[in-house]
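Any read-out appearing in this document is the output of simple, stated calculations on the displayed coordinates, not a laboratory observation. As the structure is a prediction and not an experimental result, all values here were calculated from the model. Positions of Cβ are backbone-derived with ideal geometry, glycine not excepted, and every protein chain shown enters the neighbour counts.
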Amino acid sequence: MKFLWAPWRMDYILLKKEEGCIFCRKPLEKRDRENLIVYRGSSGFVMMNKFPYNNGHLMIIPNRHCLDLEALHEKEMKELFRLLKMATLVLKETLEPHGFNVGINLGKIAGAGEDHVHIHVVPRWVGDTNFMPIFGEAKIIPQYLEETYKTLSAGFRSHSKKRMKKGGGNRP
């Protein structure tokens with residue numbers, strides 16, 4: 001059996017959990033910068049992962065608390081995939097990754113930290129896996145979350161303005 005070590009995730013695992021769903025609570029606080037919410041759509045939003053697997057790790061989340069895909073309305077499903085498309089475009093324009101891992105963890109047993117469906121978008125670069133996580137038990141994230149937030153939120157604003165000019169409204 002092989003083991004995959006991810007010791008940088010201990011901060012997340014040991015973090016004192018607040019009551020209620022983080023994906024329901026954080027958008028209501030209206031503190032997008034502090035909560036790493038980079039974009040709000042009509043029925044969903046895009047949020048940076050506070051404990052990222054890579055620089056620019058985003059999550060696309062429906063506003064309404066849903067446990068699984070079957071609970072989503074058609075409009076919400078379409079919005080999530082519009083936001084997914086927008087997120088990958090913004091990441092390509094701002095951070096220039098070579099590819100992406102996109103995934104949906106459904107249920108805690110599958111790795112979902114919350115019982116609120118969400119999509120992970122993890123940018124990937126050639127050579128982004130190296131010896132540090134293996135020998136140094138450390139994951140290198142090359143930029144502070146605040147700097148990544150500034151870059152990505154500016155990218156989402158710019159992308160939204162382009163869509164508005166083209167008559168696309170709030171849609172990515």
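Quick look at the values:
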item	result
Bins of 5 Å, starting at 0 and running to the largest distance - Cα pair percent for the stretch 32-94	4, 18, 27, 25, 17, 8, 1
Footprinting exposure proxy for Leu83, Leu28 (fewest neighbouring C-beta atoms within 10 Å first)	Leu28, Leu83
Ranking of Ile61, Ile22 by count of other Cβ atoms within 10 Å, fewest first	Ile22, Ile61
Cross-link pairs Lys85/Lys166; Lys16/Lys50; Lys30/Lys150; Lys30/Lys92; Lys30/Lys78 - those with Cα-Cα distance over 19 Å	Lys30/Lys92; Lys30/Lys78
Residue order, fewest to most surrounding Cβ atoms within 10 angstrom, among Asp68, Asp128	Asp68, Asp128
